[in-house]
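Each remark here refers to the structure printed beneath this line.
The values are calculated or read from the model by the stated rules, or taken from the named source; none is laboratory data. Note that this is a predicted model, so its numbers are computed, not measured. Virtual Cβ from ideal backbone geometry, glycine too; neighbours counted across all protein chains shown.
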Amino acid sequence: FTRLIGKKNCSIEIITTASSEAKETFSDYHKVFSKLCSGNIGHIHHDTRGEMLADDLSARIAAADGIFITGGDQLKLTSIYGGSKLLCQLKQRYIHEQIVIAGTSAGAMAMSTPMIFSGSKENQQITGEVRVTIGLEFLKDICIDTHFVDRGRFVRMAQVIATNPGSVGVGIEEDTAIVLRRGTDMEVIGSGIVIVTEGFAISRSNILEYGTGGRISIENLSVKLLASGNTYVIPQLSPPHF
């Protein structure tokens, strides 16, 4: 994250809104980033949408070299920041200026659209039991899921892709990340793997049989396993992606 920012005296804003333990979470990340960055490290946290709307952070967002969104509940991020001036300013900077925006766990999942917000390991095989919504939309037609291997989340990603085969699933393992440049060029870093799921060639699924309690069935789903250093270009079937 700080290496991509590219300067020692950088300004970083840490958004802990997704977390239920904001002070502790900020303290942990502050300790890490203060060793890598000699500039300002700010803390942004909102518990309600009303609180966010009353908080003018435009100057801080304009001055930030990097934004880091921590884990927690991704639905809290979208329900509080969706359609806000703060999010609009972040997107404008992401498109037109030099800024690094990163997230971990829920913070990474919220970057994408569609965004998974519900679907446990126990019910992910049941058709229609994985719930999605619009994310923060830094990435479109991309669904990011985290803790992917450790928590056995492949089936829930397959369900998401079956609902719209034009989307691409990106499942990220522990101690692993993706670096995305220009909205389409993805590189894997870290010690684990990233599993890319494509549905362009899906020939049959029973995704329309939701509500019946049946198990999901999909044919001709494409899967790619990527390790550190591997790259992937996100298909632009419905551009633009940023």
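Restricting the range 37-55 to residues that are part of a loop (DSSP other than H, G, I, E, B) and modelled with pLDDT of 95 or more, which is farthest from residue 14 (Cα to Cα)?
First pass over the range 37-55, keeping only residues part of a loop (DSSP other than H, G, I, E, B): 37-40, 45-48, 54-55.
Checking which are modelled with pLDDT of 95 or more leaves us with 45-48, 54-55.
Working: 45: 8, 46: 12, 47: 15, 48: 17, 54: 19, 55: 15 Å.
Restricting to residues being part of a loop (DSSP other than H, G, I, E, B) and modelled with pLDDT of 95 or more, the top hit is 54.
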Next item on the list: Among the residues of the range 211-242, count how many are in a loop (DSSP other than H, G, I, E, B), under 19 Å from residue 112 (Cβ atoms) and either among the polar types (S, T, N, Q) or modelled with pLDDT under 95 (or both).
Entry: 9
Next item on the list: Keeping to the range 155-176, report how many residues are surrounded by fewer than 20 Cβ atoms within 10 Å (Cβ to Cβ) and either on the phi > 0 side of the Ramachandran plot or in a strand (DSSP E or B) (or both).
Entry: 1
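Using the structure shown, decide if residue 71 is within 22 Å of residue 5 (Cβ to Cβ) and either of a type in the set (Asp, Glu) or in the same structural domain as residue 52 (by TED's automatic domain parsing) (or both).
When the stated conditions are applied, residue 71 passes them.
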Check: Taking the condition surrounded by 18 or more Cβ atoms within 10 Å (Cβ to Cβ) and outside any loop (DSSP other than H, G, I, E, B), does residue 208 pass?
Finding: no
Note to self: Looking for something modelled with pLDDT of 95 or more, among the acidic types (Asp, Glu) and outside any helix (DSSP H, G or I) - is there at least one such residue anywhere in the range 25-36?
What the structure shows: no
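I need a count of the residues in the range 32-50 that are among the charged types (D, E, K, R) and either under 17 Å from residue 74 (Cβ atoms) or surrounded by 14 or more Cβ atoms within 10 Å (Cβ to Cβ) (or both).
2
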Note to self: I'd like to know if the range 113-134 contains one or more residues that are touching a His at 6+ places or on another chain (Cβ under 8 Å) and charged (D, E, K, R).
What the structure shows: no
Margin query: Being touching a Lys or Arg at 6+ places or on another chain (Cβ under 8 Å), surrounded by 13 or more Cβ atoms within 10 Å (Cβ to Cβ) and in the same structural domain as residue 146 (by TED's automatic domain parsing): is that true of residue 198 here?
Written below: yes
Checklist line | Verdict on residue 183 being at pLDDT below 95 and under 20 Å from residue 3 (Cα atoms) | finding: yes
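May I ask you to list the residues in the range 61-115 that are at positive phi and surrounded by fewer than 21 Cβ atoms within 10 Å (Cβ to Cβ)?
83, 105
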